[in-house]
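K.L.:
Handing you a structure now.
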Amino acid sequence: MRQWTNGMTWQIKRSSPQSREDFTVHISILKPSTLKPLALSLAIALGVAACATVPLDRNTYPQQDLAKVQLASDIKLVNEGWPSKQWWTRYGDPQLNRLIAQALASSPTLEIAAARIDSARTTLAFNRADKGANVNLNAQRNRQRYSSNGLFPAPIGGAYFTETTVQVQASYDFDWWGKHRAQIAAALGDVNAQRADYAQAEQILAAATAQSYFNLQGGWARLENLRQSIATQSDIVADATKRVAHGLAAIDQQRMAESELSSLNKQAAQLAAQTSIEREALRALVAGDSNALADLKPQKLTDIPHALPDRLGMELLARRPDLQAAHWRVEASLNRIEAAQAAFYPDINLSASAGLDSISMSNFLSAASRTLFVGPTLLLPLFDSKRLDARLESSRSERNGLIADYNQSVFNAVRDVAQQAISVRGIQSQIGRQDEVMRTSRDLLKTAQAKFRQGLTDRNALLNATLSLSRQEDESLQLHNQQLQAEVSLIKALGGGYRMDSVDSADPHASLTQISK
């Protein structure tokens, strides 16, 4: 049976199966007057914990101020602006568009980056779940013999009892010091860093595919031009052979012409091998099979207007995914420091359980078998051999390393933009000079053709003028390919059309949530 004694103690009386004697179990509920000493003790414990010494942060690296990051005043291009998101479509080449789309859809590199995002999101989900309430069902049934010489005398001692227990257990951490909030924010930062890494991998892949495609097209164009040069040189060799046979020229002229022909054939063989290698590199970039590039055809390549922003500053951070990744890793490390600092303070949990407990199945579902527990749990770090200090210093060291990496990434980004802009401008200047050389070579060929028609010069002079123009055409093709390569490198240095969504930096946790969506 059960009864109330003193109005505050629940007393359960039960007969032992082996004896008519009763044993009593008391579940005491504290009176309000008893709570005062407990509250005082709790307040003292909290005060002691609050006064616990958190190691001073004596070695903090400053982050680079992007607002002050600009290009040198003499680095300018005619047009100003940032690249568009799908910048490659401006070339108007359907083959290029298809190849980049295929690369972005099937690249193992992007699959690896996507897997890392999933892993970071799983960690985030785990941290979010750890912050909420924890509810479990615990059911067990065990049989135990109590010692006759132990704590419990007969009839319990020396007897066997089978106990059945079913309980619903719940706990909740109030997170007063923001430890779990900081862990969630750090996990969000890691997710956003991985998303930025994915965007960076996309830009690198798109740029590499475009550059490989341009190299392949440039190689095909040069091969076609070399074939024309070889045909012209073959005519020169044939004419020299005839003149030598008729005693109109020395054998040395024939041998020189043959040597030049051999040199051109060698160049063609080398270029054909380079082109085949480039084709296989392109096939790997698009993750294609042996027939992936079978329908690829030579295509005349066009230029697009070059553009360079007037100012970089904070816009560079928003435009460069690698800078975004470095930025979010720094933010995540700062939140990990907050979590490590929160571990120095007391952790207060609320635990509760309710269920049934009986040594007799016939009484298991009776009201007398009910159990109930509700109470707070205080975890107060007193002595841990400096483990908390070491964990905090480790987080701070990680932060310093990530800040240094971020600062270096900023300098590298500005360097990339400056160098590629200078390269584009330099190649433009070379192309301007080469265009003048090409005009002169065309004029010389027209003059040779006119003289040949008028009988004022022989065929050899006409062939040499044609060969000279072919050589200059090869120079122009190489410069054009260099220009395309530099254009793509500049686009990649400017972020490749990437643009971070704007966030409210006043609330880092809200910002992280917005970015992670």
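Bear in mind these aren't lab numbers, they're just calculated from the coordinates by the rules spelled out. Since this is a predicted model, take the numbers as computed values, not measurements. Note that we place each Cβ from the backbone using ideal geometry, even for glycine, and neighbour counts take in every protein chain shown.
K.L.:
Give 266/451; 297/446; 242/446; 300/446 a once-over and call out the pairs whose C-alpha atoms are over 29 Å from each other.
P.N.:
Numbers: 266/451 33 Å; 297/446 32 Å; 242/446 26 Å; 300/446 25 Å.
Over 29 Å apart, Cα to Cα: 266/451; 297/446.
K.L.:
Bin width 10 Å, alpha-carbon pairs only: give the P(r) of region 370-414 as whole percents, running from 0 to the bin holding the largest distance.
P.N.:
20, 22, 19, 17, 13, 6, 2, 0
K.L.:
Express in nm, to one decimal, how much length is gained between residue 53 and residue 422 on full extension, taking 0.36 nm for each residue of separation and deducting their alpha carbon distance.
P.N.:
On the way: separation 369, 0.36 × 369 = 132.84 nm, distance 5.41 nm.
Roughly 127.4 nm would be gained on extension.
K.L.:
Sticking with this one: Less than 13 Å apart at the alpha-carbon level, and either on another chain or at least 8 residues along: which aspartates and glutamates does that give for residue 85?
P.N.:
202
K.L.:
Based on the mean of other Cβ atoms within 10 Å per residue, sort peptides 400-410, 282-292 so the most packed one is first. All intermediate terms of the calculation are to be shown ahead of the outcome.
P.N.:
On the way: 400-410: 17.4, 282-292: 15.6.
Ranked by mean Cβ neighbours within 10 Å, highest first: 400-410, 282-292.
K.L.:
A further question on this structure: Would you kindly derive the ³J(HN,Hα) couplings of region 265-282 from the backbone phi angles with the Karplus curve 6.51 cos²θ - 1.76 cosθ + 1.60 (θ = phi - 60°), listing them in order in whole Hz, with x for Gly and Pro?
P.N.:
Taking θ as phi minus 60°, the curve returns 5, 5, 4, 5, 5, 5, 5, 5, 5, 4, 5, 5, 5, 5, 4, 5, 5, 5 Hz for region 265-282.
K.L.:
What number in nm² do you get for region 119-252 if you take the convex hull of its Cα atoms and divide its surface by four? Before the final figure, lay out the partial values.
P.N.:
Working: hull surface 91.7 nm².
The orientation-averaged projected area of the Cα hull of region 119-252 comes to 22.9 nm².
K.L.:
Within 10 Å, count the other beta carbons around each residue, average over each peptide in 414-421, 174-181, 387-394, and list them highest first. Working shown, then result.
P.N.:
Working: 414-421: 18.5, 174-181: 16.8, 387-394: 15.2.
Descending mean neighbour count gives 414-421, 174-181, 387-394.
K.L.:
What whole number of Å gives the distance from the Cα centroid of region 417-459 to the Cα centroid of region 255-303?
P.N.:
If you average the Cα positions of each part, the centres end up 24 Å apart.
K.L.:
If amide H atoms are built 1.01 Å from N in the plane of the peptide, which residues on other chains or at least 5 residues away come under 5 Å of the amide H of residue 371?
P.N.:
The answer is 355, 356, 357.
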